[in-house]
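The values are calculated or read from the model by the stated rules, or taken from the named source; none is laboratory data. Predicted, not measured: the structure shown is a model, and the values here were computed from it. FYI the Cβ positions are ideal-geometry reconstructions off the backbone, even for glycines, and counts take in every protein chain you see.
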Amino acid sequence: MRVFIHFTGIIFIASLFSCEKTASDSASAAAPSNTGVGGSLTKFTIIGNYIYAVSSYTLYTIDVSNPAKPVNIGRTPLGFDIETIYPYKNRLFIGSRTGLYIYSIDTASAPRLLGQARHGRSCDPVVANDTVSYSTLRSSTTCGAAPSGLYIYNIKNLDQLELKKTISINDPIGLGMIDSALYVCCQNEGLKVFSIKDAYNPVEMQTLSNSDFIDVIPYHDVLICWVRKGVSLYDISNRLKPVFVKTIEN
């Protein structure tokens, strides 16, 4: 748990690294100030005046407009074995061991289900944008027996999510996306770097094999990697060619 807290809090260090870039680069890449930044394995996110958090069965909506007095204003039943939550614009992508759920937060205080996709039982981190979502399924005794790999969904039609492609990958876990690059953590088998210029047909460009990778956060021109021994930072000015900077050990 200490490593996970460390990972979610490391954004500050990455922001210091980012400040070394030019002012114009920083301005163009800046994230919205009222949105939290987290990895694909996180269970909560902050958007505007609200925290959205998931338990194994429920999506919680918490009003933090007064930070000293947070108020739980809603509980949305989700099903079983909910694992992760990923925000993108006005949507929440929620991964479970049996599927993917997409919720609208156009009305921020009342998330509304837009669409869902089912899959065989497995662990399911997810990242997404306007048209495509990427999930990693991991077959194991704790996660389930669905085939391990990278699952690519067309989410243009939210009433009927379409599985476009599956890429077999051994033991994938966390993943991150920025521009035309996708990073997939494969624990002791390294970090796979994919080009997603063709969104539904990722092309593997290289594998970084110098650590056990668990999860990643692409932030400006920095790739923040949760690894077994701590947190590693990579320069991703060239999105498809990460350059190692430093490791902050536990």
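Pairs linking a residue in region 109-122 that is within 7 Å of Thr98 (Cα to Cα) to a residue that is among the charged types (D, E, K, R) and at pLDDT below 70, with Cβ atoms under 8 Å and 6 or more positions apart or on different chains, do not occur. Considering region 174-195, the residues that are in contact (Cβ under 8 Å) with a residue 24 or more places away in the chain and over 22 Å from His220 (Cα atoms) include one that is surrounded by the most Cβ atoms within 10 Å (Cβ to Cβ), namely Cys186.
Against the conditions (1) part of a strand (DSSP E or B); (2) modelled with pLDDT under 95; (3) farther than 24 Å from Pro218 by Cβ, Thr61 satisfies every one except (2). Taking strands (runs of 3 or more DSSP E) as the structural unit, those lying wholly within region 194-241 and holding at least 1 residues that are under 23 Å from Ser133 (Cα atoms) correspond to 203-208, 213-219, 222-227. Residue count for region 56-68, restricted to those that are more than 22 Å from Ile102 (Cβ to Cβ) and either out of contact with any strand residue (DSSP E or B) (no Cβ under 9 Å at 6 or more places or on another chain) or in contact (Cβ under 8 Å) with a residue 24 or more places away in the chain (or both): 4.
Can you confirm whether region 182-203 contains a residue that is small (Gly, Ala, Ser) and under 18 Å from Tyr86 (Cα atoms)? Within region 182-203, not a single residue is small (Gly, Ala, Ser) and under 18 Å from Tyr86 (Cα atoms).
Evaluated against (1) without any contact (Cβ under 8 Å) to a residue 12 or more places away in the chain; (2) in contact with a Leu (Cβ under 8 Å, 6 or more places away or on another chain); (3) not hydroxyl-bearing (Ser, Thr, Tyr), Asp198 falls short on exactly one condition, (2).
Here Thr107 clears all of (1) at pLDDT 95 or above; (2) touching a strand residue (DSSP E or B) at 6+ places or on another chain (Cβ under 8 Å) except the condition numbered (2). Kindly indicate whether Ala53 is of a type in the set (A, V, I, L, M), at pLDDT below 85 and touching a strand residue (DSSP E or B) at 6+ places or on another chain (Cβ under 8 Å). So Ala53 fails the test.
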